[in-house]
Amino acid sequence: MSNYDNDPEMKRVMQQFHDCTTQRFQEYDERLQEKRQICKDKCDKEIQKIILKDKIEKELAEKFSSLHTDIQSDGIPTCICEKSLADKVEKGCLRCGSILGAAMPEVGSIGGGLLYALNAWKPVAIEAAEKAALAEATDAATQAGVDAVVSKLKELLITWSDALDLSPIVTSSNYKCGLALVELAKELFGKACSNGKGGTTSFCNSYIYYGGEEALEPFAQAGRSAFETTLPSQKALLETAKVGAVKATYGSYEVAIIASIVAIMVIVLIMVILYLILRYRRKKKMKKKLQYIKLLEE
C-alpha cells in the first residue's frame, strides 16, 4: 500500500476515480431533488383542488341557505276562489325567477373565482409539465447513453477471440466515465481474466489492466454523445405532449365554466320573460272581471 501511495500515476487514477464518483453522486442527488420537487408540486396541486372544491361547496351551501322568498299574492275579489293554471304557472315562474335572480350575483362571483383559479393554475401546471418532461427526457437520454456503450462493448466480442462480455459493467451512473468502467470491470471480471498460466488474457490486458481508462474512454465518449443527442429531441417531444395536454385540459375547463354561467343566465331570462307575459295576461283578465263586477253592483 505504501508503494501505491507514493506512485504519482496511481494517485492520479485514484483522484480521477474520486472525481467521477463524486460527480455521479452529485448528479444523482440533483435528479432526486427534482423528482421530490415534482412530487411535492403534484401533491400541492391536488391539495389546492380539494381546498377550492370544499370552499366552493361551502359558499354555495351558505348562499342558497340564506335565500328567502316572500311572494305576496295580489288582491283579488272574494268571489274568485279557484286559481287557474296560468296563476299557478305564474307564481311558480316568479318563485324560480326570484331565487335564481337573487343567486345570480353569487353564481357570477363563483364563476369568476373559478376562472381566476383556473388562470392561476395554468402556468403552474405548465411549469410542472416542463419539469416532468425534462426528467423523463433525462432518463431516456441516460438509457440511450447506456445502450450506446453496451453496443460498443458487444462489438469487441467479434474482433477479439478471447473477449469477455463487458456489458454488465455499464450502469446509468458510470457509463460516461472511462475510469469508472475500468474499475468495475476489474471488480467483476478479475477471475475471468486468468489465462490459466498465472497471467491474464490479452483482451484483459488491453482493455482492463494495462489499457486502463484510455482503452474504455472511447466507449464512455459514445455514451456521452448519445446522451447529448437524445436529450434535446426527447425534451422537445415530451414538452410538446405534456404542455399540450395541460392546455387542452385548461381549455375544456374554461369552456365548461363559461357554458354553465351562460346556461344559468339564459334560464333566468326565460323565467322572467314567461313571468311577465303571464302576469300581463292575468292583470288584463282581472281588469275585465273587476269591470264586470262593478257593473253588476251598479
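The values are calculated or read from the model by the stated rules, or taken from the named source; none is laboratory data. Remember, predicted model here, so these are calculated numbers, not experimental data. Glycine also receives a Cβ, built like all others from the backbone with ideal geometry; neighbour counts cover every protein chain displayed.
Screening Leu181, Leu164, Leu238 for residues that are crowded, with 17+ Cβ neighbours inside 10 Å and touching an Asp or Glu at 6+ places or on another chain (Cβ under 7 Å) leaves exactly one candidate, Leu238.
Residues checked against (1) free of Cβ contacts under 8 Å to residues at least 12 places away in the same chain; (2) hydroxyl-bearing (Ser, Thr, Tyr):
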{"position": "Gly190", "(1), (2)": "yes, no"}
{"position": "Thr201", "(1), (2)": "no, yes"}
{"position": "Tyr209", "(1), (2)": "no, yes"}
{"position": "Glu214", "(1), (2)": "no, no"}
{"position": "Thr229", "(1), (2)": "no, yes"}
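Quick check: anything in the stretch 247-267 hydrophobic (A, V, I, L, M, F, W, C) and over 45 Å from the mean Cα position of the chain (by Cα)? No, the stretch 247-267 contains no residue that is hydrophobic (A, V, I, L, M, F, W, C) and over 45 Å from the mean Cα position of the chain (by Cα).
As a summary of the residue check, Val150 satisfies the conditions (1) under 27 Å from Ala133 (Cβ atoms); (2) in contact (Cβ under 8 Å) with a residue 40 or more places away in the chain except for the one numbered (2). Of all residues in the stretch 177-191, exactly one satisfies the criterion of being modelled with pLDDT under 80 and among the small types (Gly, Ala, Ser), namely Gly190. Selection of first residues in the stretch 47-59 that are farther than 16 Å from Ala125 by Cβ and of second residues that are small (Gly, Ala, Ser) and part of a helix (DSSP H, G or I), restricted to Cβ pairs under 9 Å at least 6 apart or on distinct chains, gives the following pairs, ordered by first then second residue: Lys55/Gly113; Ile56/Gly113; Glu59/Ser109; Glu59/Gly113. Annotation note: Cβ proximity below 7 Å between a residue of the stretch 269-291 that is touching a residue at least 24 places away in the same chain (Cβ under 8 Å) and a residue that is among the charged types (D, E, K, R) and in a helix (DSSP H, G or I) (sequence gap 6+ or interchain) occurs for Tyr275/Glu90; Leu278/Glu90; Arg279/Glu90; Arg282/Asp87; Arg282/Glu90.
Does at least one position in the stretch 288-295 carry a residue that is surrounded by fewer than 13 Cβ atoms within 10 Å (Cβ to Cβ), of a type in the set (Phe, Trp, Tyr), more than 30 Å from Glu127 (Cα to Cα) and at pLDDT below 80? Yes, the stretch 288-295 has at least one match.
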